[in-house]
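Just so it is clear, none of the values below were taken in a lab; they were calculated from the coordinates. Since the model is a prediction, treat every value here as computed from it, not as a measurement. When we count neighbours, we look across all protein chains shown, and the Cβ atoms used for this are built from the backbone with ideal geometry, even at glycine.
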Amino acid sequence: MNDTGASAGGRRFEGPGGTPGGGGELLASLVMMGIGIYMVFDHVTVHTSYWRIFGSAGTSFGVTLLPLLIGFAALFWNGRSIVGWLLVLAGIALILVGVLMNLDIYFRPTSLWTTIVMFGLIAAGLGLFAKALRPHAPRQSS
């Protein structure tokens with residue numbers, strides 16, 4: 001650190017993207033994108049379906065537990081067993097992947113106006129964000 005207490009090497013903060021100006025635009029763009037993304041996420045429904053990994057629907061979850069259970073047994077027999085740790089990690093990963101693969105995601109019915117507002121806020125926020133990163137001309141004092 002230097003005398004100013006900052007770690008920027010004594011340089012003054014110019015603005016977003018290292019260019020002068022654009023701080024207000026950057027903040028407004030983040031708010032717009034945040035509201036749009038929140039609205040989209042609020043209109044999405046996520047639920048699980050039948051477990052469809054390693055077998056027919058609804059009957060295959062037990063098979064995904066085998067690596068985890070064998071790994072636990074190996075670790076209780078020898079706590080330093082590399083194979084045991086690998087089986088436990090593989091079993092946990094297999095269960096997490098199985099849960100994620102069996103999620104169904106739906107966009108709930110909504111009005112056209114709400115859909116335009118949601119995605120319009122995100123698009124406008126992205127455009128304003130890109131504009132905020134460009135250099136701005138210094139203000140002329142009158």
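Spelling out what I want: for every residue of segment 103-120, take phi, set θ = phi - 60°, compute 6.51 cos²θ - 1.76 cosθ + 1.60 (Karplus), and round to whole Hz; glycine and proline get x.
Couplings: 7, 10, 10, 10, 8, 5, x, 8, 6, 4, 4, 5, 5, 5, 5, 4, 6, x Hz.
Sort 106-118, 27-39 by packing, meaning the average of other beta carbons within 10 Å per residue, with the highest value first.
In descending order of packing, they fall as 27-39, 106-118.
Say each of residue 108 and residue 90 gets a label point 7 Å from the Cα, pointing the same way as Cα to Cβ; how far apart are those two points in nm?
Here the answer is 4.2 nm between the modelled labels.
Hey, with R₀ at 25 Å, roughly what FRET efficiency would residue 82 and residue 61 work out to, going by the Cβ-Cβ distance, to 0.05? Present the calculation step by step, with values, prior to reporting the outcome.
On the way: r = 27 Å, r/R0 = 1.07.
For residue 82 and residue 61, the calculated efficiency is 0.40.
Using a Förster distance of 30 Å, how high is the FRET efficiency between residue 133 and residue 42, based on the Cβ-Cβ distance and rounded to 0.05?
So the FRET efficiency works out to roughly 0.60.
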